[in-house]
Amino acid sequence: MDTGHVAHYRTHGFAVVRGVFAPAEVAELAAAFERIYARALARGQSFRSRNVLFQLARDPVLGRIVRFVQWPAYFDPLLARVRTDRRLFDIVAPLIGRDLKQIINQMHWKPPGAARVEFGYHQDIHFRRPTTAYRDPESSFVQTMIAIDPHRPDNGAIQVYPGSHRLGRLRFPERGRILQAEMSADDLKALGLDPARLVSLDLAPGDVALWHPCTVHGSGPNTAAIDRRAYLNGYVAAANCTRGEWAFRDGVPCPLGEPVLVHYEDLHRRPEPHYVDDA
Ligand SMILES: O=C(O)CCC(=O)C(=O)O
């Protein structure tokens, strides 16, 4: 694989690798997104079963929608295979090594016309909790995202702030959960950042984007007539994290077994399936 993305990532805090997944593979993934969306929506309310979370929300335009599903790889063989795909390893390993755990496995949707699907500007590093589980998160974690649909400004593409990975942890204005916050230029200005410097991730289906845990980013509503679906897998250098599912041991894919602690603190106290609040 061309490793040009490594230099770009180190300089700018993000990179795009073009054409990683072939059209037929993307079509298979898109079918999985359809299937899982229908399954999540059929619940009628957000739902958790151990690490798997179906997060629904009420959109002012579309009514009830699914915003994301966490850890679909536990129940879907295709998504399980892709999380340990060699190509994702080849993208991430030059940055954080060959022994990798995974702490993000997430499907994101922004259905056509959906208004309330923004992610306010943030740095992922603030969500690597508990902080005691992570050593040196700045240089140990990489987020990846596979575009399922064309990913562009009008359907809610991610906007990244180049070079912000070198700014350390920024103190964002308190706006509650980022998935309920608008992408506000004022948040950037409050931090002394110039909104004109933002770059929109412009992706074709099958492209993989990656970004650093301190890279400032957010994404807006979908005002287009097409979907905006994306499959996110976030990896961490295993030696620097006591949480997460093994993904690769010395480059060898690790299948999922019984769930281990990732984000859901009550995994062992409340393992039974239950409804949770919508976003
Ligand atoms: O899908 C999106 O636009 C949000 C992605 C994001 O900001 C994140 O996962 O940190």
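Values quoted throughout were computed directly from the atomic coordinates according to the rules given, and no laboratory measurement underlies them. Given the structure is predicted, the values throughout are model-derived calculations rather than measurements. Heads up, the Cβs are rebuilt from the backbone with ideal geometry, glycines too, and the neighbour counts pull from every protein chain shown.
The table that follows gives values for the structure above.
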quantity	calculated
Enumerated strands (runs of 3 or more DSSP E) restricted to the range 213-262, each holding at least 2 residues that are farther than 17 Å from residue 127 by Cα	230-237, 245-249
Yes/no for residue 107 being within 14 Å of the ligand (Cβ to nearest atom), under 21 Å from residue 237 (Cβ atoms), outside any loop (DSSP other than H, G, I, E, B) and in contact with a strand residue (DSSP E or B) (Cβ under 6 Å, 6 or more places away or on another chain)	no
Test: residue in the range 5-21 that is assigned to a helix (DSSP H, G or I), within 18 Å of the chain's Cα centre (by Cα), surrounded by 12 or more Cβ atoms within 10 Å (Cβ to Cβ) and among the hydrophobic types (A, V, I, L, M, F, W, C)	no
Test: residue 209 is within 14 Å of the ligand (Cβ to nearest atom) and surrounded by 17 or more Cβ atoms within 10 Å (Cβ to Cβ)	yes
Every residue from the range 148-166 that is assigned to a loop (DSSP other than H, G, I, E, B), out of contact with any Asp or Glu (no Cβ under 8 Å at 6 or more places or on another chain) and under 15 Å from residue 201 (Cβ atoms)	150, 161, 162
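Condition check ((1) closer than 30 Å to residue 28 by Cβ; (2) away from the ligand (no atom under 13 Å from the Cβ); (3) over 14 Å from the mean Cα position of the chain (by Cα)) across all residues:
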position: 157; (1), (2), (3): yes, no, no
position: 174; (1), (2), (3): no, yes, yes
position: 190; (1), (2), (3): no, yes, yes
position: 202; (1), (2), (3): yes, yes, yes
position: 213; (1), (2), (3): yes, no, no
position: 217; (1), (2), (3): yes, no, no
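For (1) part of a loop (DSSP other than H, G, I, E, B); (2) near the ligand (Cβ under 10 Å from one of its atoms), each residue gets a yes or a no:
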{"site": "101", "(1), (2)": "no, no"}
{"site": "114", "(1), (2)": "yes, no"}
{"site": "121", "(1), (2)": "no, yes"}
{"site": "146", "(1), (2)": "no, no"}
{"site": "168", "(1), (2)": "yes, no"}
